[in-house]
1. Calculate the spin-label point distance for A:His128 paired with B:Val161, positioning each point 7 Å from the Cα along the beta-carbon direction, and give it in nanometres.
2. State the answer as a single residue: which of A:Ala3, A:Ile439, A:Gly67 lies farthest towards the positive end of the charge dipole of chain A, with beta carbon charges of +1 for Lys and Arg and -1 for Asp and Glu, about the Cα centre.
3. Taking R0 as 45 Å, what's the FRET efficiency between B:Ala354 and A:Thr109 from their Cβ-Cβ distance, rounded to 0.05?
4. Per-residue Cβ counts within 10 Å, from other chains only, averaged over A:344-350: what number is that?
5. Between rounded, prolate and oblate, where does the stretch A:326-423 land on the alpha carbon gyration tensor, with a ≥ b ≥ c its root eigenvalues, rounded for a/c under 1.5, else prolate if a/b exceeds b/c?
6. Can you pull out the buried accessible area for chains B and A, both sides counted, probe 1.4 Å, rounded to the nearest 100 Å²?
7. Using modelled backbone amide H atoms (1.01 Å from N, in-plane), which distant-in-sequence or interchain residues come within less than 5 Å of A:Tyr477's amide H?
8. Which residues' amide hydrogens lie under 5 Å from the amide hydrogen of A:Ile374, considering only partners 5 or more residues apart or on another chain, with H built in the peptide plane?
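The values are calculated or read from the model by the stated rules, or taken from the named source; none is laboratory data. Please read all numbers here as calculations on a predicted model, not as lab measurements. Cβ atoms come from the backbone with ideal geometry, glycine included; neighbour counts cover every protein chain shown. Please note that ligands, DNA and RNA were not included when accessible areas were found on the heavy atoms of the full protein model with its side chains. Shrake-Rupley method; radii C 1.70, N 1.55, O 1.52, S 1.80 Å.
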Amino acid sequence: MTANIVLKAKGITRQFPGVLANDRVDFDLREGEIHALLGENGAGKTTLMNILYGLYRADSGEVYRGGQRVAFHSPKDAIKRGIGMVHQHFMLVPVFTVSENIMLGAETTRRGTLDRKAVAAHVRELSHQYGLDVDPLTVVGDLPVGIQQRVEIVKALYRNAEILILDEPTAVLTPQEAEDLFRIMRELTQRGVSIIFITHKLKEVLTVADRITVMRAGKVVGTVQPQETNEAKLAAMMVGREVILKVAKGEASPGENILQVKDLQVDDRRGLEAVRGVSFHVRTGEVLGIAGVQGNGQTELVEALTGLRPIHAGKVLMNSHEVTGKPPRPIIETGMAHIPEDRQRHGLVLSYPVADNLMLCTYYLPPFGVRGVIQPRAVDVNARKLVENFDIRTPSPYVPTSKLSGGNQQKVIVARELSRPIKLLIANQPTRGLDVGSIEYIHKEIIIMRDRGVAVLLVSAELDEIMALSDRIAVMYRGQIVATVAAAEVTRELLGLWMAGATPDKV
Amino acid sequence: MQSSEERTSPQTKSIMRFLRPTLNALGVPLLAVLTAMIVGGLIIAFAGGDPFMAYIGLFQGALGSPRALSETAVWASPYIFAGLAVALAFRGGLFNIGAEGQLAFGAVMAALIGYALPGWLHIDLPAFIHIPLAVGFGALAGALWAAIPGALKAYTGGHEVINTIMMNYIALNLTSFLLNGPMRDPNPLNVIARTPGIAESARIPPIFSGFRVHWGFILALLVALAVWWLLWKTTLGFEIRTVGANPDAAKYAGIDTKRTIVLTMALSGLLAGLAGTIEVTALNYRHELGFSIGYGFDAIAIALLGKTHPLGVVLAALLFAAMRNGGTRMQFLTQIPVDIISVIQALILLFVAADAIIRYIYRIRAREERVVLTRGWGG
């Protein structure tokens, strides 16, 4: 197996203020392979790729493209040498059509006007050739995320990319969409495209990669074949210690009902029915997991329960108080904690110091607010305690929260929500986009809360997470709960079927 | 735990990294002022004047004598109040362009209480009651005038920029009507649109006899301190800043965002109302049409130059006041028209608003933007 090496990085070092993001990194990519680059957030994966793509310059080290030494000054140079990158956040204009987006920056013109027809034909041809199934005339904003991603891939292929860098491509995809992506990736490699696949999800790497390189703290830890490793070994390489992937939890001992929801109906932002008559309950000391492909009403359900969205019909009882249609504060005051789906939009004020975010929901209560005046000492004591107890990695509690990594930002929310006396925890996608270490940590905290008698409502699109934490599982499909089962009595396959809309025979 | 060691070791460097933006925040306005003065000097030289003489005149006129200092403080008082008004609204995520109207409405109300209240009550009021009443009603009038666009924003989504501009027109025309009609000074010698003089008991006295600088200036400084305290030391201030920084998170945290928006606008209007009130009760002793033209708009420049911080607002207001005040002396000394001051002020604002120019000229690295651009170092 001595396939051509199409791209090679040698001894790449890149320093950022306070951080050595890449430390003498070696990396190579063979023709027609999928080479996974695995590492936690902040391990230096994206920095390395940005150097290979010409977004950054390395402080030292060399890059070779097809055996020839190259120096990219901008992505333009990289694109010229056949390298394409699909970013985690798509670079698409939502109001443009697929072909308009694809030709953007590489417009084909005919007598001074855009030659849309030629572009559309080319896009169709590429899309057909690689089994991408993209219609060039659709407006991008109307497409689901998974298809938008394919548009990005076509965009790179349109510019004659032979090397594709995919930065966390599955972070935004449903399990089905991810499967489709893997199929497309294999298709691409069979036609000679080489792929660098950046991720921190272990399962995916083992399914799809030909080789796996693991990075930690700016260094390459090693390169392995998927056959000779497994999830536990990879996780240990990533984190630098043994990681418990299975959540250790004992039997649940559920008690009285804390949250009771009856025939709840909620509209979404456009006024369409998103939650269509949902009823369930959560008891003390148990985790009810709500499984479902994203966009089946889970977001609206949680927003309604937490007072962020008006309720159209139905009833919500918290701790036997009726809270239907109440604003967030009275609901919070009945003992509700909420880990929101969009941590940067709802959960944090990014410009605030960590200390202020750690009292965001209780600033007006003693010890923080006394007669309308904020007590800086109490804020400080609280912040130092939580930073220590929840292992939030920050140089000081007074650093703007925007400076923290995603995992530590989430820990700020978790610390704040779990450190006050609560009866119900509503956690919506609590570990999305986080690294293995943080996921392990947050899962452990959720189980600790359960064992202390807190009722937990867990909403997640990650089936593994639902299976690992829940005592009972409810499956949401098109705004309704199609099944509620005990976690022990259900298989992954069955849940997957229900999530896809198959009706269960028994409930 | 290898990784934790690696993260804590460059701690001092990290601290510097977080300090630098603060230094930048102070540096850019100062450099903007300096650059505007240099460019202004070039313009003076180009027009055939002597920039050094001009600036000497400006300095003398602004700070060169006790009288000059007193006059600068007189100019600064409404600037501080109005600048605080705009800055407070900015902190709450609102752009109050309506300070001009709130100020005018506050001035009318203060004047009315000042000249008419003793007549209505048929008693002579002592100053310690009459002054607070006049100032208080003036401030409340400004608060009310701003609360209207605040409520429109909170409950209907109507944008405050549009609505405060509309409220400006209403206030200015209403003032014009009142000063020409029901509230016009009935003195047969009076030929202009103005109210009667306010009662002695409603007048805020000068600090030193023989100088015009009045206790309103001290009040302005105290109010600046109070605004700082309110914003950073109270739960209400926390609410205002949270709604301003991230309204979604504010709602999530249980803050009544609608109420906070109305309250923020009302407080902003209260401060603007004080600007007008002080001019009536401490300086002119009546309301005269057109006295305030531009305070409310200069206030936006002052708030931005002061980086929407109360201390910065005070410094920026003093600077603007010194330039306005010194301009007269400059014109007298060098025959350079006082309008050059407006040019320099406009340049300051330009450089503060488009701070990339300043960063480019003085090679100040905008580290903040780099981080945003790259979204961190990894992951």
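1. Going from the B:Val161 label point to the A:His128 one covers 4.9 nm.
2. A:Gly67
3. 0.85
4. Neighbouring Cβ atoms belonging to other protein chains average 6 per residue here.
5. Taking the square roots of the gyration eigenvalues as a ≥ b ≥ c, the stretch A:326-423 is oblate.
6. Between B and A, the summed buried area is about 3800 Å².
7. A:Val482
8. Correct list: B:Thr234, B:Thr235.
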